[in-house]
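Asks: Can you keep this structure in mind? I'll have questions shortly.
The values are calculated or read from the model by the stated rules, or taken from the named source; none is laboratory data. What you see is a predicted model, and the numbers here were worked out from it, not measured in a lab. Positions of Cβ are backbone-derived with ideal geometry, glycine not excepted, and every protein chain shown enters the neighbour counts.
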Amino acid sequence: MRYLEEIIDSLNVYSKEFYSLIMDAEDDFLCKLIETFNLAVNNSDPIEKQNTGFNFVANSTLSGVAFPCSSFECSFQAVHNLARNAILYADTVYIQNPFIRYVHYKSFDLKSRDNICNSFLTIYALMPLFRSGIFEFTKSTVHHCQDCYKKFQKQYLDVVEYNSQAIEDIIVDYVLENLDFSLFLSRSGEKCIEISSKTDFLDHPIVISFVHYIPNPLKRIKIIGEKIKLTPDVIKESGVLYDFLVPLSDNLYIQNFYSRYYSANILTNREFDIEMSSLLNDRFHASSETSQRSRVLQSINHLVPFINDVSLTKLLQLRQNEGEAFEVYRDKVNKLTKNIALSEVEAKDIYNDEIRPELNRINMTLKHNKKLLWGNIKSNVLLASTYVSASLYSGILPSNIDAVVASIGGFGFAKSISDDIIKLIAKPSAQENELYFLWKLQSSSRIKI
């Protein structure tokens, strides 16, 4: 952490000169800066702290990575919302390093430089969470001795590589099924692509514009009317899918690794991630025990207060002063989600007897700390809420060939996957202990404090 702070301090991120420094810098300088930052992340030691088992690895969007929307407003808001929830409702959240994507860059265009500026600004704003150990960056390198590496390669790397093509084909077809790609002309007459989502993958439509060249399959299309919907074949031929395939597959690999080796629950703000991953394992054809546990998890969905208009520093002070109420909540939720022997009725009873009182205790804690948070102890405060739900995560790799084939056929996805690729899919054991957690902001569901 000390090295990260030194990098941020040396850049003087919030000075007037910082933006010019990045935008005008030589490519070699930016390569060295990114290399130094990544080394600092990969060689940092975790902060020692109490662990109640409520650890998460966030998806790329919650991590503030410029995907799927690259605007600073969207990416910063996503990770800032995560920070506000994490301070109160998490032990540690591993967020994805925004600079890994540039590790092989030799030159940087204006958009890349702008994204680098935005990433440093975001990290600077979130430094209090890094210092406290609530946030940690995911690492891109893992150090092993020779014997341990051979074991790691056999048990994990070889299996991932062996299955990568099938995984990527499933992602491609899932994206084509759930996103619409339309070609239109900008005000300046340039061809652009508008992408909209049938699911919660996108908060709003996004636009891809072409800086250096327009792919040949798009050049041949004559636009009649306002816009024209692109066919799957044109989308694939144009290369536009690459902008989604790489970030989505990287996201799955990172989350799967941290779930397996760091016992981190996977954290997302969209059901899209859970649905897509479901195609890559045997959840739809699971054992009766697994199905039972899924029903138990569905019985404990709930809302927690989301505090928006308070500084992160004040929230951290609240965590320090009144941390017990939030720790007990996290501990009880964690224990309940790990209990595989409960019936639905028993789970609901435990929720009502143990978790609901802790939610009431959290509300009371916030009420008693209104002066700290809002500077006013008299008026009522209406807070937005975060919807919390959990579901099973069995890994991105299928543990049952028949289940994968049935899932593909049953849901109409991955129709282009050949039988040869299906036969190549290995059969690693499913992960049993980790979960998907959905944290979704509900502005319309208000909690009175």
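Asks: Which of the numbered conditions does LYS236 fail, given that it passes all the others? Conditions: (1) touching a residue at least 60 places away in the same chain (Cβ under 8 Å); (2) buried (at least 20 other Cβ atoms within 10 Å of the Cβ).
Replies: Looking at each condition in turn, LYS236 falls short on (2).
Asks: Right, something else. Name the pairs whose Cβ atoms lie under 7 Å apart, with the first residue in the stretch 202-226 and farther than 24 Å from PHE108 by Cα and without any contact (Cβ under 8 Å) to a residue 12 or more places away in the chain, the second surrounded by 12 or more Cβ atoms within 10 Å (Cβ to Cβ) and among the charged types (D, E, K, R), and 6 or more positions between them or separate chains?
Replies: Partner pairs satisfying both residue conditions: PRO205/GLU194.
Asks: Let me ask something additional. I'd like to verify a number: residues in the stretch 100-145 that are crowded, with 20+ Cβ neighbours inside 10 Å and in a loop (DSSP other than H, G, I, E, B), how many?
Replies: Looking only at that region, the number is 4.
Asks: Next question. Take the residues in the stretch 336-360 that are among the hydrophobic types (A, V, I, L, M, F, W, C) and over 16 Å from ALA390 (Cβ atoms); name whichever of them is modelled with the highest pLDDT. Even if it seems obvious, please write down each step before you answer.
Replies: Step one: filter the stretch 336-360 for residues among the hydrophobic types (A, V, I, L, M, F, W, C), giving 336, 340-342, 345, 347, 350, 355, 359.
Checking the rest, the ones that are also over 16 Å from ALA390 (Cβ atoms) come to 341, 345.
Working: ALA341: 75, VAL345: 87.
Across the stretch 336-360, the extreme among qualifying residues is VAL345.
Asks: Next up: Need the failing condition index for ILE167 against (1) assigned by TED's automatic domain parsing to the domain that holds LEU30; (2) modelled with pLDDT under 90; (3) assigned to a helix (DSSP H, G or I), just the number.
Replies: (1)
Asks: Restricting to the stretch 120-164, name every residue that is modelled with pLDDT under 90, among the small types (Gly, Ala, Ser) and more than 19 Å from the chain's Cα centre (by Cα).
Replies: SER164
Asks: Kindly indicate whether SER71 is without any contact (Cβ under 8 Å) to a residue 60 or more places away in the chain and crowded, with 21+ Cβ neighbours inside 10 Å.
Replies: Working: without any contact (Cβ under 8 Å) to a residue 60 or more places away in the chain: yes; crowded, with 21+ Cβ neighbours inside 10 Å: no.
So SER71 fails the test.
Asks: Another one. Restricting attention to the stretch 184-230, which residues are more than 33 Å from the chain's Cα centre (by Cα), among the aliphatic types (A, V, I, L, M) and at pLDDT 90 or above?
Replies: Correct list: ILE221 only.
Asks: Determine, yes or no, whether THR386 is assigned by TED's automatic domain parsing to the domain that holds ARG330, under 27 Å from VAL57 (Cβ atoms) and either more than 24 Å from the chain's Cα centre (by Cα) or modelled with pLDDT of 50 or more (or both).
Replies: Values: assigned by TED's automatic domain parsing to the domain that holds ARG330: yes; under 27 Å from VAL57 (Cβ atoms): yes; either more than 24 Å from the chain's Cα centre (by Cα) or modelled with pLDDT of 50 or more (or both): yes.
Yes, satisfied.
Asks: Tell me yes or no: at least one residue of the stretch 43-52 is touching a helix residue (DSSP H, G or I) at 6+ places or on another chain (Cβ under 6 Å) and either surrounded by 22 or more Cβ atoms within 10 Å (Cβ to Cβ) or at pLDDT below 90 (or both). Talk me through it step by step, then tell me what you get.
Replies: Residues of the stretch 43-52 that are touching a helix residue (DSSP H, G or I) at 6+ places or on another chain (Cβ under 6 Å), as a first pass: 52.
Of the ones still in play, those that are also either surrounded by 22 or more Cβ atoms within 10 Å (Cβ to Cβ) or at pLDDT below 90 (or both) are 52.
Within the stretch 43-52, one or more residues are touching a helix residue (DSSP H, G or I) at 6+ places or on another chain (Cβ under 6 Å) and either surrounded by 22 or more Cβ atoms within 10 Å (Cβ to Cβ) or at pLDDT below 90 (or both).
Asks: With respect to the numbered conditions (1) within 30 Å of LEU179 (Cβ to Cβ); (2) assigned to a helix (DSSP H, G or I); (3) modelled with pLDDT of 90 or more, which one is the sole condition not fulfilled by SER294?
Replies: Result: SER294 fails condition (3) only.
Asks: What number of residues in the stretch 343-372 are part of a helix (DSSP H, G or I) and more than 24 Å from SER299 (Cβ to Cβ)? Even if it seems obvious, please write down each step before you answer.
Replies: Of the residues in the stretch 343-372, the ones part of a helix (DSSP H, G or I) are 344-368, 370-372.
Now drop any that are not more than 24 Å from SER299 (Cβ to Cβ), which leaves 364-368, 370-372.
Final tally of qualifying residues: 8.
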